[in-house]
């Protein structure tokens with residue numbers, strides 16, 4: 001196994017495991033593990049809201065034992081009384097949406113009892129992204145034993161939320177994503193790179209350092225840096241984070257892999 005480099009960019013590239021798990025059965029576990037590492041999220045729930053008003057719980061992962069019951073209750077009726085509902089539908093057609101900070105007073109008494117008091121939830125952050133007729137509503141929770149999100153954790157969630165939302169949307173749109181080799185071979189602008197430039201960029205996305213890339217490909221460090229520079233020039237970018245954003249953009253759209 002080749003040694004891995006430590007990612008240096010603070011947002012998109014740090015959720016690489018979740019992106020690479022798109023379409024796999026272990027996506028929920030990888031997602032919550034990633035969220036815990038990045039912002040100490042306790043639980044994550046994802047709902048699909050349609051323009052017609054229907055709601056479905058797509059994902060329930062983390063440390064809330066009654067999470068499944070909460071998801072069913074929300075999808076069954078409580079989505080209609082969610083104080084974030086107007087913000088979700090006002091943002092329809094735009095991307096991505098960060099919802100207002102959590103405040104218990106935003107919610108009715110019955111809602112608070114079921115979704116916060118009985119469950120032990122003490123804080124939440126939320127984001128959403130519309131894809132076609134579907135809004136993917138992503139909620140991040142912390143329970144009593146964890147306490148509320150601190151300022152740094154909230155800032156971190158805001159930084160990674162767009163990439164997390166795009167990854168979730170892509171996973172549930174088709175639950176199938178190509179590996180990076182296929183993506184580079186078939187989707188512009190990545191397919192415009194030379195084979196060696198593609199190989200270097202793929203390894204950058206997987207977290208390899210320049211030294212590890214050189215070792216793995218059997219080329220000099222100077223050559224690796226040259227291929228990286230040329231690839232970035234072709235793509236019109238200057239950083240690993242921008243490279244990762246290109247991949248996320250291709251993955252996120254409903255027809256991004258056609």
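None of the figures in this text is laboratory data; all of them are computed from the coordinates on show. These numbers were taken from a predicted model, which means no experiment stands behind them. Here the Cβ positions follow ideal geometry from the backbone for every residue, glycine too, while neighbour counts run over all protein chains shown.
What's the exposure ranking of 79, 117, 171, going from fewest to most Cβ atoms within 10 Å?
In increasing order of surrounding Cβ atoms, one gets 117, 79, 171.
Which length gain, in nm to one decimal place, applies between residue 133 and residue 54 when the Cα-Cα distance is subtracted from 0.36 nm times their residue separation?
Here the answer is 27.3 nm.
Send over the Kirkwood Rh of region 23-174, from the inverse of the averaged 1/r over different Cα pairs, rounded to one decimal Å.
It is 15.4 Å.
Can you show me the helix-derived [θ] at 222 nm for the chain, built from DSSP H runs with n ≥ 4 at -39,500 (n - 2.57) apiece and divided by the number of residues, rounded to the nearest 500.
Value at 222 nm, helices only, nearest 500: -13500 deg cm²/dmol.
With a bin width of 5 angstrom, please list the P(r) values of region 180-252 as percents of all Cα-Cα pairs, from the 0 bin to the one holding the largest distance.
P(r) for region 180-252, in whole percents per bin: 3, 18, 32, 27, 15, 4, 1.
Using 16 Å as the cut-off for backbone N distance, which residues of region 122-138 belong to the label zone defined by a point 7 Å from the Cα of residue 37 along Cα→Cβ?
Under 16 Å, as judged by backbone N against the label point of residue 37, lies no residue of region 122-138.
Determine, for 227, 111, the number of other Cβ atoms within 10 Å of each Cβ, and report the residues in order from fewest to most.
So the residues, fewest neighbours to most, are 111, 227.
What FRET efficiency do you get for residue 182 and residue 110 if R0 is 51 Å and r is their Cβ-Cβ distance, rounded to the nearest 0.05?
E between residue 182 and residue 110, to the nearest 0.05, is 0.55.
Take 85, 203, 110 and order them by how many other Cβ atoms sit within 10 Å, fewest up front.
Final ranking by Cβ density, sparse to dense: 110, 85, 203.
Going by the alpha-carbon gyration tensor, a ≥ b ≥ c the square roots of its eigenvalues, is the chain rounded (a/c under 1.5) or, if a/c is not under 1.5, prolate (a/b greater than b/c) versus oblate?
In terms of gyration-tensor shape, prolate.
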